[in-house]
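J.: This is the structure I have questions about; it appears just below.
The values are calculated or read from the model by the stated rules, or taken from the named source; none is laboratory data. Because the structure is a prediction, the values reported are computed rather than measured. Backbone-built Cβ (ideal geometry, glycine too); neighbour counts: all protein chains shown.
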Amino acid sequence: MNKRKILVPLGNKSYEVIIEEGILNNICEELLKIGISKNRKILVISNEEISSLYGEKFLNHLKKNNFKAQIFLIKAGESHKNLKTLNEIYDVAFEFGLDRNSIIIALGGGIVGDVSGFAAATWLRGIDYIQIPTTLLAMVDSSVGGKTAVNHPKGKNLIGAFHQPKAVFIDPETLKSLPKREFNAGMAEVIKYGVIRDKKLFDFLEIENNKNALINLENESLIEIINGSIKTKSHIVSQDEHELGIRAILNYGHSFGHVIENLCGYGEFLHGEAISIGMNIAGEIAIEKGLWSKEELERQQNLLESYNLPTKIPKINKEDVVKILMGDKKVRDGKMRFILPKEIGEVDIYDDVEDSLFLKFFS
């Protein structure tokens with residue numbers, strides 16, 4: 001079997017990301033390998049859509065192997081990634097009797113992972129949790145690195161904590177049931193890794209045969225891009241766990257992406273779609289600053305559009321753009337920081353971008 005293991009080296013918080021076709025069916029064996037004994041209570045958090053596909057079977061598998069498990073479903077969608085949902089999880093955790101030896105398993109996409117992780121980070125001042133991402137975006141991005149959060153009405157992910165998972169298990173088979181639009185949204189994050197640090201990955205994604213294999217969800221190609229993306233993220237996170245420096249480059253496209261998500265209303269654009277537009281804006285600013293070539297910008301845009309990702313900027317009030325950007329977590333000492341490309345495979349952090357330079361791209 002095509003099994004990949006990637007270590008996220010963080011000292012005593014180190015863990016493995018395991019990518020394997022069908023691993024969802026062998027999860028009990030994997031839990032025992034990482035020291036999850038059968039006397040520990042497990043709260044599985046998912047949503048209705050994912051649970052209808054995998055939840056009952058997953059829970060029955062745990063119970064059949066004598067694990068004390070229960071499943072709780074949260075409402076799907078960015079609008080439910082909030083303190084109300086978090087409190088619902090706390091209520092269930094209390095009723096189920098989760099103690100400090102218990103564990104939370106996030107089974108689902110990025111929203112499930114973020115909320116579950118934050119619940120684990122804060123319940124009894126922190127308990128273990130495991131990520132089992134079922135979307136491409138969650139597999140390559142949010143499941144790895146320990147960022148957990150919920151949204152605040154004033155901005156995305158403003159309430160959160162760094163809390164590393166005990167393990168991440170990825171089964172590419174779950175992508176077979178993913179809506180096409182969701183898969184494409186995940187490709188935005190994969191393309192991001194190509195631009196910020198991995199030119200070989202970017203080149204791989206441009207090849208027509210590879211595109212076709214990915215669009216047809218061939219496991220070998222999927223594992224290749226998931227593995228490559230996570231290796232890049234793992235390397236960066238291991239250098240800067242709490243995003244005090246280089247880890248910020250993982251936010252390429254995210255500052256403007258979060259603006260678009262917020263001002264267009266959560267749900268109008270999927271996260272990856274908003275990031276795609278944000279990457280295009282960052283690319284345009286890089287042209288204005290003479291950082292990279294027009295040809296490289298076009299390569300980025302063409303690759304995004306080849307996976308049916310949007311690159312056109314929606315109509316947004318300019319004053320609101322600045323307001324949201326100034327409330328972003330990436331602001332330091334009152335200065336907005338932007339991740340801009342220097343070439344395909346290399347980006348840097350800049351805090352000298354004038355408002356006029358990026359506002360002209362908004363109507």
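J.: Kindly indicate whether Gly228 is outside the structural domain of Lys33 (by TED's automatic domain parsing) and in contact with a Gly (Cβ under 6 Å, 6 or more places away or on another chain).
T.: Working: outside the structural domain of Lys33 (by TED's automatic domain parsing): yes; in contact with a Gly (Cβ under 6 Å, 6 or more places away or on another chain): no.
For Gly228, the condition - outside the structural domain of Lys33 (by TED's automatic domain parsing) and in contact with a Gly (Cβ under 6 Å, 6 or more places away or on another chain) - is not met.
J.: Pick from Val150, Val144: which is in a loop (DSSP other than H, G, I, E, B) and surrounded by 20 or more Cβ atoms within 10 Å (Cβ to Cβ)? Before the answer, list the steps.
T.: Numbers: Val150 fails: in a loop (DSSP other than H, G, I, E, B).
Among Val150, Val144, only Val144 is in a loop (DSSP other than H, G, I, E, B) and surrounded by 20 or more Cβ atoms within 10 Å (Cβ to Cβ).
J.: Let me ask something additional. Among the residues of region 267-307, which ones are of a type outside the set (A, V, I, L, M) and in contact with a Lys or Arg (Cβ under 7 Å, 6 or more places away or on another chain)? Lay out the reasoning, then the answer.
T.: Just the residues of region 267-307 that are of a type outside the set (A, V, I, L, M), to begin with: 267-269, 271-273, 276, 278, 280, 283-284, 288-290, 292-296, 298-302, 305-307.
Those that are of a type outside the set (A, V, I, L, M) and in contact with a Lys or Arg (Cβ under 7 Å, 6 or more places away or on another chain): Trp292, Ser306.
J.: Here are some residues: Leu98, Leu136, Leu107, Leu83. Which one is in the same structural domain as Asn151 (by TED's automatic domain parsing), out of contact with any strand residue (DSSP E or B) (no Cβ under 8 Å at 6 or more places or on another chain) and at pLDDT 95 or above?
T.: Residue meeting the stated conditions: Leu136.
J.: Within region 93-110, can you find the residues that are over 17 Å from Lys166 (Cβ atoms) and free of Cβ contacts under 8 Å to residues at least 40 places away in the same chain?
T.: Phe94, Glu95
J.: Could you figure out which of (1) in contact with a Lys or Arg (Cβ under 9 Å, 6 or more places away or on another chain); (2) within 27 Å of His80 (Cβ to Cβ); (3) not small (Gly, Ala, Ser) isn't true of Leu205?
T.: (2)
J.: With the condition being within 21 Å of the chain's Cα centre (by Cα), at pLDDT 85 or above and over 25 Å from Val150 (Cα atoms), I'd like the helices (runs of 4 or more DSSP H) fully within region 245-363 carrying at least 3 qualifying residues.
T.: Numbers: elements: 254-264, 271-288, 294-306, 318-326, 355-359.
So the answer is 271-288, 294-306.
J.: Just to be sure I understand, how many residues within region 62-77 are touching a residue at least 40 places away in the same chain (Cβ under 8 Å) and either buried (at least 20 other Cβ atoms within 10 Å of the Cβ) or in the same structural domain as Glu189 (by TED's automatic domain parsing) (or both)? If you could, list the steps in order and put the result at the bottom.
T.: Narrowing region 62-77 to residues touching a residue at least 40 places away in the same chain (Cβ under 8 Å): 74, 77.
Keeping just the survivors that are either buried (at least 20 other Cβ atoms within 10 Å of the Cβ) or in the same structural domain as Glu189 (by TED's automatic domain parsing) (or both) gives 74.
Residues meeting the conditions: 1.
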